[in-house]
């Protein structure tokens, strides 16, 4: 009987540590429009003197033409000039960045200006003006 208790306790400890290792992102909703709901991970926010980099998740309301239900984006913001560029983007077949990867897009070299009343402008207000 003691051996079963020992294995049971080991199993519970294993489950606890396995579940904490799997929890990589904590998603906070910051915007929504007719196309998607947008989240960011405050734990992924990296700050330098000029830039802020953060992971973003977009869950599409309907799948795109290529079957994407979500995208994970690592985005760099230039808060002083109100612009951004995509550092990494992966699209997925399921919501919440799960399922098979449909496409990996290359890093953008050009900056894009942030347009008012868009999810990018909503997120910039959160991460840049703290």
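Annotations for the structure displayed:
- Condition met for residue 15 (at pLDDT below 95 and either at negative phi or under 18 Å from the mean Cα position of the chain (by Cα) (or both)): yes
- Filtered by the rule that a residue be in contact (Cβ under 8 Å) with a residue 40 or more places away in the chain and surrounded by fewer than 16 Cβ atoms within 10 Å (Cβ to Cβ), the range 33-56 gives 33, 45.
- Hey, residue 85 surrounded by 14 or more Cβ atoms within 10 Å (Cβ to Cβ), over 14 Å from the mean Cα position of the chain (by Cα), modelled with pLDDT of 95 or more and under 18 Å from residue 112 (Cα atoms) or not: yes
- For the range 57-81, a residue qualifies if it is out of contact with any helix residue (DSSP H, G or I) (no Cβ under 6 Å at 6 or more places or on another chain), crowded, with 16+ Cβ neighbours inside 10 Å and farther than 18 Å from residue 38 by Cα, and exactly one does: 78.
- Checked against (1) closer than 21 Å to residue 125 by Cα; (2) modelled with pLDDT of 95 or more; (3) surrounded by fewer than 16 Cβ atoms within 10 Å (Cβ to Cβ), residue 94 passes all but a single condition, namely (1).
The values are calculated or read from the model by the stated rules, or taken from the named source; none is laboratory data. None of the values given here were measured: they were computed from a predicted structure. In this analysis, Cβ positions are derived from the backbone assuming ideal geometry, glycine residues included, and neighbour counts consider all displayed protein chains.
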